[in-house]
Amino acid sequence: MAQSREVRLKSRPEGVPKASDFEIATVEAPPPGPGEVQVRNLFMSVDPYMRGRMYDRPSYVPPFQIGAAMEGGAVGEVVASNDPALKPGDLVSTMFGWRELFNAPAQGLQKLSPALPPQAYLGVAGMPGMTAWVGLLKIAAAKEGDVVFVSAAAGAVGQVVCQIAKIKGCKVIGSAGGPDKVAYLKEIGVDHAIDYRATPDLTRALAEASPKGIDVYFENVGGAHLEAALNAARPFARFAMCGMISQYNDTEPQPGPSNLMLVVGKRLRLEGFIVSDHFAEMGAFLQDMTGWITSGKVKWRETIDQGLEAAPGAFIKLFKGENIGKMLVKLS
Ligand SMILES: NC(=O)c1ccc[n+]([C@@H]2O[C@H](COP(=O)([O-])OP(=O)(O)OC[C@H]3O[C@@H](n4cnc5c(N)ncnc54)[C@H](OP(=O)(O)O)[C@@H]3O)[C@@H](O)[C@H]2O)c1
């Protein structure tokens, strides 16, 4: 019988996760049962939201269980099938996470179009890309002429936000950590790229980039970035509250932004959103995105680590800023 390895959560991390919070187990992979297929993963996704699922507390997704394989996005190839819907060689997108080989009901799997490389469906044409599309166009309703500020701008979501904003005729200010990321932001058309690690005063940097302020903030980071965005906001600015990665590993709650009262006087709209609430619009997103990719208007970067055992380290890299674009793990 075939065997598979999987990465399990061994302990709930305190602060920044450590490699020792995970363990690798070998399990048997029997032939697929009725209505099932067997899938060999090609790429696995590591995503910041997984950190939230490591806490044992209620959230919009249930907590990971200690001793269970890490669930999450992956793309793989069907290697055996017991269902007419999928045949060996088909590429599928799944949520069965950090495993090499597994069986799953065929009906729950999304067959991938060969139009793009399979791992693109974990990034630019997958959940992160759709997060950018929903947050910028539906939640913040960005429009031509807006000044859009994006934090974690060189990451999986941020790189797509910046490019959609340019397509829509916005001026884009992107913030990211380090000169390589700044160079990448310029490459994808960002008008003002800020290296926040080398910038003592983000509010001043934003004022220099756009003296008239910002109309939209795409929030990925929280903390000092949110404070600076509140300072820079023009009246009636819209904030798409996508994530606050700077706080995911906090062991104590952080104080809120000291300038939150600006929301009142500036009549700001801050709206949180979760991309999965919008999955019914996946078709519209994919139509836009494949068009932009085909016409060369959207490009992307990936940072790829190799092998199942690399998954915990690749995940930890997200919190150290060691990825440019989508962070992935390649198998086989
Ligand atoms: N609402 C939703 O449905 C949804 C869906 C997907 C993602 N998200 C959120 O979107 C954000 C981006 O996710 P992603 O998948 O695109 O990840 P990502 O941006 O590819 O990777 C994370 C990046 O965050 C930055 N970062 C990490 N710790 C930081 C800190 N303490 N201060 C400032 N920056 C820090 C790093 O970039 P730098 O080197 O530039 O610091 C790092 O590369 C996250 O907040 C995530 O939770 C939300």
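Which pairs break 28 Å Cα to Cα here: LYS10/LYS87; LYS18/LYS330; LYS171/LYS317; LYS138/LYS266; LYS166/LYS266? With Cα atoms farther than 28 Å apart: LYS10/LYS87; LYS171/LYS317. Spherically averaged projected area of the convex hull of Cα atoms, the stretch 54-164: 9.5 nm².
When averaged across all projection directions, what area in nm² does the alpha-carbon convex hull of the chain cover?
16.7 nm²
With the charge dipole of the stretch 127-276 set up from +1 on Lys and Arg Cβ and -1 on Asp and Glu Cβ about the Cα centre, the Cα lying farthest toward the positive end among the listed residues THR131, ALA209, ALA141 is that of ALA141. For the stretch 259-284 versus the stretch 12-87, the spacing of their alpha-carbon centroids is 29 Å.
Going by alpha carbons, how many degrees (0 to 90, nearest 10) lie between the helix axis of 156-167 and the longest principal axis of the chain? Taking Cα atoms only, the helix is inclined about 50 degrees.
Short-range pairs are left out: with C-alpha atoms under 8 Å and at least six residues apart, the relative contact order of the chain is 17 percent.
Estimate the FRET efficiency between LYS317 and LYS18 by the formula 1/(1 + (r/R0)^6), using the beta-carbon distance for r and 22 Å for R0, to the nearest 0.05. Numbers along the way, then the final one.
Values: r = 13 Å, r/R0 = 0.59.
With R0 = 22 Å, the Cβ-Cβ based efficiency is 0.95.
Only the Cβ atoms of Lys and Arg (+1) and of Asp and Glu (-1) were treated as charged; on that basis the dipole of the stretch 206-310 about its Cα centre amounts to roughly 680 debye.
Here the peptides 51-64, 130-143, 9-22 are ranked by packing, the mean other Cβ count within 10 Å, and the order with the highest first is 130-143, 9-22, 51-64. The gain in end-to-end length when the GLU187 to VAL61 segment is fully stretched comes to 41.8 nm, 0.36 nm per residue minus the alpha carbon separation. Restricting attention to the chain, close to 55% of DSSP beta bridges with both partner residues there are antiparallel. Whole Å is fine, so just give me how far the alpha carbon centre of the stretch 300-332 lies from that of the stretch 110-164. Using only Cα atoms, the two centres lie 18 Å from each other. Decide, for the stretch 1-42, between rounded, prolate and oblate: order the square roots of the alpha carbon gyration tensor eigenvalues as a ≥ b ≥ c, take rounded if a/c falls under 1.5, and otherwise choose prolate if a/b is larger than b/c, else oblate. Verdict is prolate for the stretch 1-42. Build a GNM of the chain with springs between Cα atoms under 10 Å apart, and of ASP191, ASP47, ASP277 the one that fluctuates most is ASP277. Using only side-chain charges placed at the Cβ, +1 for Lys and Arg and -1 for Asp and Glu, the dipole size of the chain relative to its Cα centre rounds to 740 debye.
How would you rank 216-228, 246-258, highest first, on the average number of other Cβ atoms within 10 Å across their residues?
Packing proxy ranking, top to bottom: 216-228, 246-258.
Principal axis extents of the Cα atoms in the stretch 103-209, from largest to smallest and rounded to whole angstrom, are 54, 29, 20.
Helix content alone sets the calculated 222 nm mean residue ellipticity of the chain: runs of n ≥ 4 DSSP H residues at -39500 (n - 2.57) each, divided across all residues, give -6000 deg cm²/dmol.
For the chain, the longest principal axis of the C-alpha atoms and the axis of helix 282-294 are separated by about 80°.
For the stretch 127-276, the fraction of C-alpha pairs farther apart than 18 angstrom is 51 percent.
From the square roots a ≥ b ≥ c of the eigenvalues of the alpha-carbon gyration tensor of the stretch 281-332, which class results: rounded (a/c under 1.5), prolate (a/b over b/c), or oblate? Prolate is the answer for the stretch 281-332, as a/c is 1.5 or above and a/b outweighs b/c. Ellipsoid fit via the Cα gyration tensor, the stretch 216-332: semi-axes of 30, 23, 13 Å, each the root of five times an eigenvalue, largest first. Multiplying each eigenvalue of the alpha-carbon gyration tensor of the stretch 52-105 by 5 and taking the square root yields semi-axes of 28, 10, 9 Å, largest first, rounded to whole angstroms.
Taking a straight Cα-Cα cut-off under 12 Å and skipping sequence neighbours fewer than 8 places away in the same chain, the aspartates and glutamates within cross-link reach of LYS299 are GLU187.
Here, each number is a calculation from the coordinates, and none is a lab measurement. From a predicted model like this one, the values you see are computed outputs, not experimental measurements. Note that each Cβ is placed from the backbone with ideal geometry, even for glycine, and that neighbours are counted across all protein chains shown.
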